[in-house]
Every structure is written in C-alpha cells, then in structure tokens.
Amino acid sequence: FDRKCTGHLQEVMRESVEVAISRLFHEGGALEGKSHKKFLHVHFTDGSVPKDGPSAGLMVYAAIYSAFKKVLVKPYFAATGEIDLKRFVAAPVGGITAKLLAAKRAGIREVAIPLANRKDIKKLPNGVGIITPSDLAGRSWREISLEDKPEGSFTVYCVEKPEDVLELAFPNDYSP
C-alpha cells in the first residue's frame, strides 16, 4: 500500500519502518489480510537530531499497529530493539542500561528489550523486575502485563518476537 516516511531520518530508520510494515501485514503478521487501501504516513518529529537506529523498530512496529487498530499503547510503556524479517527481535542493541535508566527517570514503568540484552543489564536500581520468556511458566506476556504492579515499580521484559511487544503494549486489544 501507499506510504511515506518523513522527518530528519537516516536510512536505518527508513528500513525500520519498512520492516515493521512487512512484518505486520504479510506472512502471518498481526495485521495480515487487513485493508491495504489506507495511506500510511510515518513522521518522526524533526528537532535537530537526526533519527537513526537500529533500536526503534519495536516501537515503530507498535505505533503502526496502534494506528491501524485505533488503540493506544498502554501508558508508561516503551520498547527498544530492532526486528528482522524472520519473525524475531534482532539482537542486541547498544546502551541498554543507559536507555533503561533514562526511561525510568522519564516516568516509564515497563520496557520491552531484546532478550539478547538481558546479560547487558547492569547498575539498575534495586526493585527492578526483569522478566524473560523462561519466567512465563505457561502464562502469556498479556497475563503478566495485566498483573497489578506496585506504584513506582519498573519492569523490564526481555522479548524474542515483535508480537510479544504487542501483547505487552496492548494487553486488552491484542491476543495471539
């Protein structure tokens, strides 16, 4: 379908948008079979810093899903990481500890990161919850996402697939 990507972007970010669209609308993607008659315009606010990745793919994926389904990402949720065309979260991204600390300072309470970055999480405050696929014990990301969490808590979800992020970001509006 027709699309446009604008803003002060470099090639890696344009590629992130294209991969997110391909993953969502083709080969078993969450929006496969949905109308392609819409025009999609993805715009990254200019500012003075060029937007380059490769760590925005997961959030771009969630944002496009949000726009097509007309549902909002749950409050206080963020994601970092890139996706690939093979249905996985590409791994790992750089500066993960700094990104998590910045997210916590900004009031974010839940962050999805690539599973491959689990080993890179260092120097986080006490009380940070880290959940990996092996911690699910038969539950889904959606179930864990909907659990009550204490005010001020901070949870890091180490994910393997972009669809895991959809379960976490849209627990009431996405189920595999």
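In the assembled protein chains, LYS69 presents an accessible area of approximately 80 Å² (probe radius 1.4 Å). Think of a 1.4 Å ball rolled over the protein heavy atoms: region 1-92 then has 55 Å² of accessible area per residue.
Would you mind telling me the share, in percent, of accessible area of region 36-176 contributed by carbon and sulfur at probe 1.4 angstrom? Don't jump to the answer; show the numbers that get you there.
Numbers: 4190 of 7460 Å².
Here carbon and sulfur together make up 56 percent of the probe-accessible area.
Can you tally the net charge around ILE96? Count Lys and Arg as +1, Asp and Glu as -1, for every other residue whose Cβ sits under 13 Å from the Cβ of ILE96. Spell out each step's value before the answer.
Numbers: positive: LYS99, LYS104, ARG118, LYS119, LYS122, LYS123; negative: GLU82, ASP120.
Residues near ILE96 contribute +4 overall.
So for the pair GLU15, ARG118, with labels modelled 7 Å out along Cα→Cβ, what separation do we get in nm? Placing both labels 7 Å along Cα→Cβ, they lie 2.7 nm apart. Between LYS34 and LYS74, the simple spin-label model (points 7 angstrom out along Cα→Cβ) gives 1.9 nm.
Using only helices, what value at 222 nm comes out for the chain when you add -39,500 (n - 2.57) per DSSP H run of length 4 or more and divide by the total residues, to the nearest 500 deg cm²/dmol?
Details: 5 runs with 52 residues, N = 176.
Only helices count here, giving -9000 deg cm²/dmol.
Taking region 45-176 as the region of interest, the number of lysine pairs whose Cα atoms are within less than 17 Å, with members eight or more places apart or on different chains, is 10. Using the average count of surrounding beta-carbon atoms within 10 Å as a protection proxy, the listed peptides 136-148, 70-82, 163-175 rank, highest first, as 163-175, 70-82, 136-148. Between the alpha-carbon centers of region 1-45 and region 91-162, tell me the distance in whole angstrom. Measuring centre to centre over Cα atoms gives 26 Å.
Assuming 0.36 nm per residue, please report the length gained on full extension of the stretch THR132 to ASN172 beyond their Cα-Cα distance. Numbers along the way, then the final one.
Details: separation 40, 0.36 × 40 = 14.40 nm, distance 2.09 nm.
In short, 12.3 nm is gained.
When Rg and Dmax are taken over the Cα atoms of the chain, they come to 15.8, 49 Å.
State, as an integer percentage, the relative contact order of the chain based on alpha-carbon contacts under 8 Å between residues 6 or more apart.
Working: 286 pairs, mean separation 36.5, N = 176.
That works out to 21 percent.
The heavy atoms of HIS41 present about 90 square angstrom of accessible area, all protein chains included, probe 1.4 Å.
The values are calculated or read from the model by the stated rules, or taken from the named source; none is laboratory data. Computed from a predicted structure; not experimentally measured. Note that each Cβ is placed from the backbone with ideal geometry, even for glycine, and that neighbours are counted across all protein chains shown. Ligands, DNA and RNA are stripped out before the accessible areas are found, and what is left, the full protein with its side chains, is counted by its heavy atoms. Shrake-Rupley method; radii C 1.70, N 1.55, O 1.52, S 1.80 Å.
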